[in-house]
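Asker: Here it is, the structure in full.
The values are calculated or read from the model by the stated rules, or taken from the named source; none is laboratory data. Fair warning: this is a prediction, and the values are worked out from it, not measured in the lab. Positions of Cβ are backbone-derived with ideal geometry, glycine not excepted, and every protein chain shown enters the neighbour counts. Keep in mind that these areas ignore ligands, DNA and RNA; they rest on the heavy atoms of the full protein, side chains included. Shrake-Rupley method; radii C 1.70, N 1.55, O 1.52, S 1.80 Å.
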Amino acid sequence: TVAARDTATATLVASIDALALRRIELADRLVWDPDDRAARDEILAIDAEVAALVAAYATEAPSDGHVRWFPTALLQVSPYAAAMALGELDLDDATLAAIAALVVRRWHDGQEHGARWDDAAFSGPNTGDLVFDVLASRPDAATAFLLRATPDEVLRSAQHATSVAALLVTATSPDHVDEPTAGAVLRPLLQYLPAHELPTTVDGVATGLA
């Protein structure tokens, strides 16, 4: 029912941002102390709680089959929170790519008045890393995402070069796409690189594209 759907949405929105902020802090701790078992265990607990919240939210999704469901709650929370939820949703490739593009764009554009999102100030994987990791396991969605996103959003959103590289490899694999499609994905990135200095955290991507 509409009431149940509204309740599930409100529960997700009310809870997930606080969980996201705590996860950001814990992931930062693990960068400085990879053996911090307490931080690692708490992250697993947070991920399980997010999975349960997302499952409850998705249960109330319309299922008449006539209109593709779009989880608008992910645009009501922080980009990092949305990225946490993204991999827990059973979405078709087109919808996953569309939401991923919106989430990364919101993160890249920043909050109102130009403030950066919370995860930009920490050392652990950020919104881009989480989104790209989800897409790296979904070739069709990865390609569709890269055809939507700008070079800035692809190359300047993730904290780690490995996340970007995995996304690009998946999206342009000859086992998955033809040469013209791979070219349409890579050409804007190759044109962008000579005139733009990448953050040091992703400077290894330039070598991978060469």
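Asker: Can Arg187 be described as open to solvent by 40 Å² or more (accessible area, probe 1.4 Å) and modelled with pLDDT of 90 or more? First the steps, then the outcome.
Answerer: Working: open to solvent by 40 Å² or more (accessible area, probe 1.4 Å): yes; modelled with pLDDT of 90 or more: yes.
Against the criterion (open to solvent by 40 Å² or more (accessible area, probe 1.4 Å) and modelled with pLDDT of 90 or more), Arg187 qualifies.
Asker: Pairs, please: C-beta under 7 Å, at least 6 apart or cross-chain, first residue within 14 Å of Thr127 (Cβ to Cβ) and in the range 142-154, second assigned to a loop (DSSP other than H, G, I, E, B) and open to solvent by 50 Å² or more (accessible area, probe 1.4 Å)?
Answerer: Nothing qualifies.
Asker: Any residue in the range 102-113 that is more than 11 Å from Val131 (Cβ to Cβ) sitting within a Cβ distance under 6 Å of a residue that is among the basic types (Lys, Arg) and modelled with pLDDT under 90? List the pairs, counting only those 6 or more apart or interchain.
Answerer: These pairs meet every condition: Gly110/Arg116.
Asker: Can you find a residue that is closer than 22 Å to Asp140 by Cβ and among the hydrophobic types (A, V, I, L, M, F, W, C) anywhere in the range 107-120?
Answerer: Step one: of the range 107-120, the residues closer than 22 Å to Asp140 by Cβ are none.
No - not one qualifying residue is present in the range 107-120.
Asker: Is one or more of the residues making up the range 191-204 open to solvent by less than 80 Å² (accessible area, probe 1.4 Å), touching a His at 6+ places or on another chain (Cβ under 6 Å), farther than 23 Å from Arg23 by Cα and part of a helix (DSSP H, G or I)?
Answerer: no
Asker: Follow-up. Being of a type in the set (Asp, Glu), out of contact with any Gly (no Cβ under 7 Å at 6 or more places or on another chain) and assigned to a helix (DSSP H, G or I) is the filter here, so list the residues in the range 9-54 that pass it.
Answerer: The answer is Asp17, Glu25, Asp41, Glu42, Asp47, Glu49.
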